[in-house]
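Structure first, commentary second.
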């Protein structure tokens with residue numbers, strides 16, 4: 001999985017779902033490899049300087065990875081609910097609520113160049129990462145219409161994405177990864193049919 005694939009979904013929770021992908025018709029899970037998990041966390045801007053130091057301890061990274069896998073399953077449930085019934089099921093909301101109750105958050109004042117900013121952040125690395133992913137779920141569901149949360153149309157892709165294009169007609173997780181492959185396949189199929 002290259003760097004661009006870590007953020008294809010456009011928001012952290014969908015990027016978490018996309019940590020599983022197909023390669024040579026086999027499913028690959030990047031969360032099963034510590035270095036890729038750490039890179040995914042960095043690319044999604046989920047780590048503070050302090051968190052980077054904490055996760056140098058492989059045991060802490062493994063514990064966080066287990067939490068991410070559970071949260072990924074919940075994110076898949078959310079996507080399934082949206083696809084099947086266009087809203088979250090009671091079961092999904094209950095699971096999300098239980099997870100939120102286990103996340104400890106503080107308010108912090110962060111100085112910027114000329115002002116100060118009030119931010120919410122997790123008390124621990126685990127809390128911080130999970131809070132930001134859960135926040136991305138609620139932010140997406142409250143600010144983006146469900147129709148713009150899509151699965152890539154390429155037959156060999158299992159990625160999802162938020163379509164932020166102006167016309168709202170995006171079909172691929174990435175033009176470079178799937179769009180060009182699909183267009184090439186269609187071109188060769190048309191060429192073959194002309195013979």
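A short reminder: the numbers here are calculations on the coordinates, not readings from a lab. None of these values were measured; they are calculated from a predicted model. Don't worry about glycine lacking a Cβ; one is built from the backbone with ideal geometry, like all the others, and counts go over all protein chains shown.
Key figures for this structure:
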read-out: Distance between region 1-37 and region 106-140 - C-alpha centres, whole angstrom; value: 24 Å
read-out: Pairs of alpha carbons in the chain whose separation is greater than 27 Å (percent); value: 36 percent
read-out: Label-to-label distance, nm, for residues given as residue 70 and residue 175 (7 Å Cα→Cβ offset); value: 4.1 nm
read-out: Burial ranking of peptide ranges 134-146, 69-81 (average Cβ count within 10 Å, highest at the top); value: 69-81, 134-146
read-out: At R0 = 35 Å, FRET efficiency that the Cβ-Cβ distance of residue 4 and residue 87 yields, to 0.05; value: 0.65
read-out: Mean Cα-pair separation over length for region 3-194, i.e. relative contact order, pairs under 8 Å, 6 or more apart, %; value: 24 percent
read-out: Spin-label model distance (nm) - residue 118 vs residue 158, 7 Å beyond Cα toward Cβ; value: 4.3 nm
read-out: Inter-label distance, nm, simple model (7 Å from Cα along the C-beta direction), residue 60/residue 80; value: 3.4 nm
read-out: Whole-angstrom Cα spans of region 44-107 along principal axes, big to small; value: 42, 24, 19
read-out: Estimated 222 nm signal from helices in the chain, with DSSP H stretches of n ≥ 4 weighted -39500 (n - 2.57), rounded to 500; value: -16000 deg cm²/dmol
